[in-house]
Amino acid sequence: MIMSRMIDQTRVGRRPKTTRSIPHAQLTQHGPDEIIEKLHRFCFELPDVLNRDSLISVPGARALVVHDSIDCNREAFLIGREFAHIHPHPDNGSMHLKLAELDAAHVIQMGWGEDHFLVSQGRLPPSIIMVYSPRNDEELEVVKRIVVQSYEFAIGSESTTSR
């Protein structure tokens, strides 16, 4: 079992600019292609996670989908068995994912993401967030931990932040 750790470091710098419309996208501070390629490799090497077209994001977005053979936490998905998706160019490497509510709030507090803009309108639950594109290897390690938190939530593990 992969075990995530609570995010214990604050993201450096200002938050990137993002849209407040569909599609909800990150406009500035994207990571370089080689970092985003590492993010993709990590995400799709998680056990029982399939690389699929997202059912709810822009064309080219890659969905992290839990294999049908795995028992899951039905509350942990964006749609179907998709618990996260990674945005393509020009929004290179930001992602939407679902976390336990306390974990989502913690990620936002530490500066690594923001609520999906539809959360503020009451149209989505507060556990759906955008995680910002990692800009370097150090940030990639934090984003990986956030992805693992979402993955563990999806496969039924408890939240790490709320323990």
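Please compute the per residue accessible area over the chain with all protein chains in place, 1.4 Å probe, rounded to a whole number of Å².
Numbers: 7960 Å² over 163 residues.
Each residue of the chain exposes 49 Å² on average to a 1.4 Å probe.
Scoring 24-37, 96-109 by mean Cβ neighbours within 10 Å over their residues and listing the highest first yields 96-109, 24-37. I need the phi-derived Karplus couplings for segment 75-81: 6.51 cos²θ - 1.76 cosθ + 1.60, θ = phi - 60°, integer Hz, Gly and Pro marked x. 3J(HN,Hα) across segment 75-81, in whole Hz: 7, 9, 10, 6, 6, x, 10. Ranking VAL147, PHE77, GLN109 by how far each Cα lies toward the positive end of the dipole of segment 27-163 (charges on Cβ) leaves PHE77 at the top. Taking a virtual spin label 7 Å from the Cα of ILE70 along the C-beta vector, which residues in segment 97-124 bring their backbone nitrogen under 20 Å of it? So the set is 97-101, 103-104. With each label modelled as a point 7 angstrom along the Cα→C-beta vector, the PHE117-THR28 pair spans 1.6 nm.
Is segment 74-163 rounded, prolate or oblate when judged by the Cα gyration tensor, a ≥ b ≥ c being the square roots of its eigenvalues, rounded requiring a/c under 1.5 and prolate requiring a/b larger than b/c? Judged from the Cα gyration tensor, segment 74-163 comes out rounded (a/c under 1.5). Basic side chains Lys and Arg get +1 at the Cβ, acidic Asp and Glu get -1 at the Cβ, and with that the dipole of segment 1-52 about its Cα centre reaches some 400 debye.
For Kirkwood radius over Cα pairs in Å, the value computed from the atomic coordinates appears in the list [x] 15.4; [y] 22.1; [z] 20.0 under label [x]. When only the Cβ of Lys, Arg, Asp and Glu is charged (+1, +1, -1, -1), the dipole of the chain relative to its Cα centre reaches about 460 debye. To put it simply, the accessible area of segment 65-129 at a 1.4 Å probe is 53 percent carbon and sulfur. Near VAL66: Cβ cut-off under 10 Å, other residues only, Lys/Arg at +1 and Asp/Glu at -1. The net charge is -3.
The values are calculated or read from the model by the stated rules, or taken from the named source; none is laboratory data. Quantities reported herein were computed from a predicted structural model and do not represent experimental measurements. All Cβ positions, glycine included, derive from the backbone under ideal geometry; neighbour counts span all protein chains shown. Protein only, heavy atoms only, side chains kept; ligands, DNA and RNA dropped before computing areas. Shrake-Rupley method; radii C 1.70, N 1.55, O 1.52, S 1.80 Å.
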